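Q: Let me give you the structure first, and then I'll get to my questions.
Nothing in this text is a laboratory measurement; each read-out follows from the coordinates by a stated rule. Computed from a predicted model, the values in this text were never measured in an experiment. A quick note on method: Cβ atoms are made from the backbone with ideal geometry, for glycine too, and the neighbour counts reach across all protein chains shown.
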Amino acid sequence: MNADFTAEELAFQEEVREFLQNEFPADLKAKVDASVRLDKDDMVRWQKILFKKGWAAPTWPVEYGGTGWSHTKTHIFATEMGLYGAPEPIPFGMKMVAPVIMAYGSEEQKQRFLPDILESNVWWCQGYSEPNAGSDLASLKTAAVREGDEYVVNGSKTWNTLGQYADWIFCLVRTDNTVKKQEGISFLLIDMKTPGITIKPIVLLDGFPEVNEVFFDNVRVPAENLIGEENKGWTYAKVLLTHERTNIAGVPRGKRRLKALKRIAGETEDGFGASMLENASFKQRLAEIEIELQALEYSELRTLAALSVGKAPGPESSILKIVGTELAQKMDEMFVELAGYNCLPFVPEQFEPGFDGDAIGPGDSASAALTYFNNRKLSIFGGSNEIQRNIITKAVLGL
Amino acid sequence: MDFSYTEVQQMLQDSVQKFVQKSYDFDTRNKIIGSETGYSADNWQLFAELGWLAVPFSEEDGGLGGSAVDLMVIMEEFGKANLVEPYTATAVLGGSLVANLATGEQKETLLGGIIGGELQIAPALAEPNGRYNPASVATTATADGDQIILNGTKIAVENGPNANTLLVSARESGEIRDVEGISVFAVEAGSPGVKIRKYRTVDGKQAAEVTLDHVSVAASNRLGDAGAALPGIESALNRSIVAVSAEAVGALEVLLQKTVEYSKTRKQFGTAIGTFQALQHRMADMFIQCQLARSIVIMAAMSLDSDDSSVEKAKAVAAAKSRVGKAIKSVGQEAIQIHGGIAMTEELDVGHLFKRVTALDLAYGDGDYHTQRFAAL
C-alpha cells in the first residue's frame, strides 16, 4: 500500500506549479485572494491561457483536444489549481455537456460544438431543475413537442447558474407524457438567442444574481439539436452525473482556506491580548477541521486509486460530496466567527470587478458572512446531501 | 413555580402581535429597509405612544418597571417579524447605559427623549481590535480645561446613521484592557470631528463605522463618574444580550414553523417531503433546539430580575447567549436545507430570518465567546 506519486507524476506536479506561477494572471490572483468575483471575461481569459498550453480539458480524451492524462495526473492538476486559487473551468460546457456530446452526440454535433467549448468561445448553461422538479428531477415538465423538423419547447427551468452569460443551454425536456417519468425525457441543445426565451435573474442571499429562471414560450428548436435518441435523455444525464464528480470533495480549496483561517486567526485579536490562534477552543476546532480534511483527502485518493485501475465511479462519490460540502460549510462558520462584527457591513459592490473604493474593515473579513450565506447552497445543489445519503442507503447499504 | 406571563405581560404581547400582524409583513419590511433611513419613523412614534419605549426602564426613571421578562416578551415578537427598527440600540443598550450611568438632569433629558420617541441613540462601544470585550477600549478621552477631547475608532455602531446622540466608551486612564478608567460620553452626531461612515448590514439593519478625530465635548457630557463606567456598561450589555437572545428565539420559532409548513406542501417523488422520516427527525431536533433556547433565555431574564449577585447574573446571561448561539446555527441552517434552493433566494423571508439570526449570533459576543466567559466567571 502506498500513496506516493511516481517520479513522472512529481515532475508533472512541479510543471503545473511553475505554470501557475508564471501564467495565472496577477490581476486575477489578486481578485481571488480578495474574494472579488471573477467576471465572464476573467474566466474566459484564463481558460484561453489553459487552452494555449493544451490543458483546457484535463478530462477529455486526446482525440477531442483533451490531455489524455491519467486520473492521478488529472488529480494533481486540480489539486495544484485549487491550492493556488486558480479557478476551475465553469463546468457546464467542459464537464457537463461535452461528455454527453462525446458519448451520445452525432459526428456533426461533435464537430459543431466541442471545439468552441474547448476554446471557451461559447458559454453553456444548464437547464435541468424546475420549480417543481428539484431533488425529484425526473418529474420535470418542460415540454418539447415535435413539429416537422423542429421541437416546440414550452416551460421553465430554474437554478440556472450564470445563465446571464450563456450562449447555449442544454436542457432536459419532456417528450413523452404517457410513459414512466424517467422514460419520456430527452436531451436538447438550445441557442439562448432563439425567440421565445426570457431569462429572469434570481438574487441570492449574498445579493448577487448568481442563478436565473429561464422561460420557454413556443421556442422552436431544430430537431438536429437533439442528442442521441428521443426519450433517452435521462440515461444520458445520469451517466454524466456519476462521471462528473471528480474533485467534488474540494480538498485543495479546503487546504487553501484552512491556511487562510490560520493566518487570519493569527492576525485577529481575541479582545484579551492574545490572538484567536492562541484561543484554546478555536484552536481545537481548527484542528478538527484539519483532521477531517485529511480523512477526506485519503477517501478521495482511495476513490482515485479505484478509478485508476478501471473501476467505475460508484456511490463513493456521494461520500466525497457530503463530507466535502459540510466541511466547507464548517469553515465558512469559522470565517464568520473570526470576522465577528467585521462581516456585518453589506457592501456587495466591493466584491464586484472594478471596485476601487475604500472597503469597510479588514478585507479578509468583509466577505465572510456573504460566503457563509451563499455556501449553504453547497449541500443543496448537485443532488442535495439528502439525495446523496439516499444513494448510499440504497446502493451501498442495500436498504 | 409558574412560567406563565402576567396579565400585563400578556397584554403587552397581544399589543406587539397586533401591530406586527397589521403593519409589518414581509413586503412592508422590505420597503422599510429600502428607504432612506432604513427604519420607519412612523413606527417609532407608535412604539412611543404604545409605551414600548418605556418598557426597559424602572418607574423611578419614568419607565414601566424595567423587567427583563417584559423586555423578552417584546423582543420575541420583534424577532418573529424580523423587525428592523433600532429598538435594541436606542431603548435597550442605549437606554440602559443612560439608566445605569447618568445622573440628574442629564439622565432625565436623555431618558425623556428615548421614552418619548424623539431621541435616537447609537451606542459606540466596540473597537477594531477589541472583539467583544467591553473593557478593551483604546479610544482616548483627554481633559482639556472644561472640555474632553475624544480620539478613536468605533465599529459596528448600530443605528449610527440615524442617531442624534452617540454613547461613546473612551479611556480616561490606564492601559487598553484595564477595568478602571473607562467613561461613557454623550456625543452629538453632528459634532465637529465625528465621521460616521454608514452602511447597511447583511441582515438589513443600519450601522456605521465611527471615527472620532479630536472631538471636543463638555465634561458634563460624561455619564456619571470619570473612569467608573465598566460595571454599568456590562450590566447594560447583559440586558441587551437577553433582548437579542429573545429576539433570536422568536425568529427561530418562525423558521421552524415555516419549515414544517413548507414540508407539508412541497411535493417531491409524489409525496410531501414532510412525510420523509429523515426530515421529520431533523425538524424534531429543530423543535428541541428552539425549546432549549427559549428555556435558557427565560432563565437569564429571570436572573436579571432577581436579587442574584452580579456574577450570577453575568453567568446566566453568558449561558443564554452561548446556548442560543448553538440553536441559531442548527435551526437556521436546517431551515435553509430543508427548504432547499428556494430559501437561498431573496424572495423568501426564510433567508432573511436566517441572515438576521446569524447577525444576532454575533451581537455582543458569539456563542464561543460567551461559553468561555461562562467558564471564566
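Q: What percent of all Cα-Cα pairs in chain A falls in each 20 Å bin, counting up from 0?
A: 24, 58, 17, 1
Q: Using the Cα gyration tensor of region B:7-120, with a ≥ b ≥ c the square roots of its eigenvalues, what is the shape: rounded (a/c below 1.5), prolate (a/b larger than b/c) or oblate (neither)?
A: Taking the square roots of the gyration eigenvalues as a ≥ b ≥ c, region B:7-120 is oblate.
Q: Okay, next question. Taking every residue in A:366-372, how many Cβ atoms of other protein chains lie within 10 Å of its Cβ, on average?
A: Per residue, the number of nearby Cβ atoms from other chains is 2 on average.
Q: Also, quick follow-up: Could you compute the net charge surrounding residue B:318? Neighbours are other residues with a C-beta less than 12 Å from the C-beta of residue B:318; K and R count +1, D and E count -1.
A: Net charge in that neighbourhood comes out at +1.
Q: What FRET efficiency comes out for the pair residue A:116/residue A:283, r = Cβ-Cβ distance, R0 = 56 Å, nearest 0.05?
A: 0.65
Q: With +1 assigned to the C-beta of every Lys and Arg and -1 to the C-beta of every Asp and Glu, and no other charges, what is the dipole magnitude of region A:7-88 about the Cα centre in debye, to the nearest 20?
A: Value, rounded to 20: 280 debye.
Q: Give me the number: length gained by fully extending residue A:29 to residue A:154, i.e. 0.36 nm times residue separation minus the C-alpha to C-alpha distance, one decimal in nm.
A: Residue separation times 0.36 nm, minus the Cα-Cα distance, leaves 40.8 nm.
Q: Using 5 Å bins from zero, what percent of all Cα-Cα pairs in region A:7-88 falls into each bin?
A: 3, 14, 25, 26, 17, 10, 4, 1
Q: Which whole number gives the average count of other chain Cβ atoms within 10 Å of the Cβ atoms across peptide A:378-384?
A: Mean inter-chain Cβ contacts per residue within 10 Å come to 3.
Q: Take the Cα radius of gyration of the protein assembly as shown and divide it by 2.2 N^0.38 Å, with N its residue count; two decimals is plenty.
A: Dividing the Cα Rg of the protein assembly as shown by 2.2 N^0.38 Å gives 1.04.
Q: Let me ask you something else. Where does helix A:233-243 land angle-wise versus the long Cα axis of chain A, in degrees 0 to 90, nearest 10?
A: Its long axis makes an angle of about 30 degrees.
Q: Taking region A:170-207, which trypsin sites (Lys or Arg not before Pro) meet the DSSP loop condition and have no more than 16 other C-beta atoms within 10 Å?
A: Taking region A:170-207 and a limit of 16 other Cβ atoms within 10 Å, the loop trypsin sites (Lys or Arg not before Pro) found are A:180, A:193.
Q: For chain B, with only Lys/Arg (+1) and Asp/Glu (-1) charged at the beta-carbon, what is the dipole magnitude about the Cα centre, in debye rounded to 20?
A: For chain B, the charge dipole is close to 1560 debye.
Q: So, one more: What angle, in degrees between 0 and 90 and rounded to the nearest 10, separates the Cα long axis of helix A:40-53 from the longest principal axis of the Cα atoms of chain A?
A: Approximately 90 degrees, to the nearest 10.
Q: So which trypsin sites (Lys or Arg not before Pro) in region A:234-333 end up in coil per DSSP with only 15 or fewer other C-beta atoms within 10 Å?
A: Qualifying residues, ordered by number: A:311.
Q: Based on the Kirkwood radius over alpha-carbon pairs, what is the Stokes-Einstein translational diffusion coefficient of region B:122-228 at 10 °C with 1.306 mPa s viscosity, in µm²/s?
A: So the translational diffusion coefficient is about 117 µm²/s.
Q: Tell me, rounded to the nearest percent, the portion of alpha carbon pairs in region B:231-376 spaced more than 26 Å apart.
A: More than 26 Å apart: 30 percent of the Cα pairs in region B:231-376.
Q: Under a cut-off of 24 Å between alpha-carbon atoms, report the lysines in cross-link reach of residue B:313, not counting same-chain residues fewer than 8 places apart.
A: B:321, B:326
Q: Net charge within 13 Å of residue A:18 by Cβ-Cβ distance, Lys/Arg positive one each and Asp/Glu negative one each, not counting residue A:18 itself?
A: -2
Q: Continuing with this model, one more query. Which is farthest toward the positive dipole end of region B:231-376 among B:303, B:290, B:280, measuring Cα position about the Cα centre, with Cβ charges +1 (Lys, Arg) and -1 (Asp, Glu)?
A: B:280
Q: Using 5 Å bins from zero, what percent of all Cα-Cα pairs in region A:49-92 falls into each bin?
A: Reading upward from the zero bin: 5, 22, 31, 31, 9, 2.
Q: Can you give me the three principal axis dimensions of region A:247-396 from its C-alpha atoms, in Å, biggest first?
A: The Cα atoms of region A:247-396 stretch 52, 35, 25 Å along the principal axes, largest first.
Q: Between region B:264-328 and region B:103-181, how many Å separate their Cα centres?
A: When both Cα centres are located, 33 Å separates them.
Q: Anything in chain B that counts as a DSSP H helix reaching 30 Å or more along its axis (C-alpha) with Kyte-Doolittle mean of at least -1.0? List them, would you?
A: Flagged H segments are B:230-265, B:277-304, B:310-339.
Q: Sticking with this structure for a sec: Mind jotting down a quarter of the surface of the convex hull over the alpha carbons of region B:82-147, in square nanometres, one decimal?
A: 6.3
Q: Next up: How large is the Kirkwood hydrodynamic radius of region A:109-198, counting all unique pairs of alpha carbons, in Å?
A: For region A:109-198, inverting the mean 1/r across all distinct Cα pairs yields 14.0 Å.
Q: Still on this structure, I have one more. Using alpha carbons only, how many degrees (0 to 90, rounded to 10) separate the axis of helix A:7-23 from the longest principal axis of chain A?
A: 90
Q: Summing Lys, Arg as +1 and Asp, Glu as -1, what charge do residues with Cβ under 15 Å from the Cβ of residue A:194 carry, residue A:194 excluded?
A: -4
Q: Something else now. What number results when the radius of gyration of chain B, computed over Cα atoms, is divided by 2.2 N^0.38 Å?
A: 0.99
Q: Continuing with this model, one more query. Is there a quick way to get the dipole size of region B:231-376? I mean about its Cα centre, with the Cβ of Lys and Arg at +1 and of Asp and Glu at -1; what is the value in debye to the nearest 20?
A: 360
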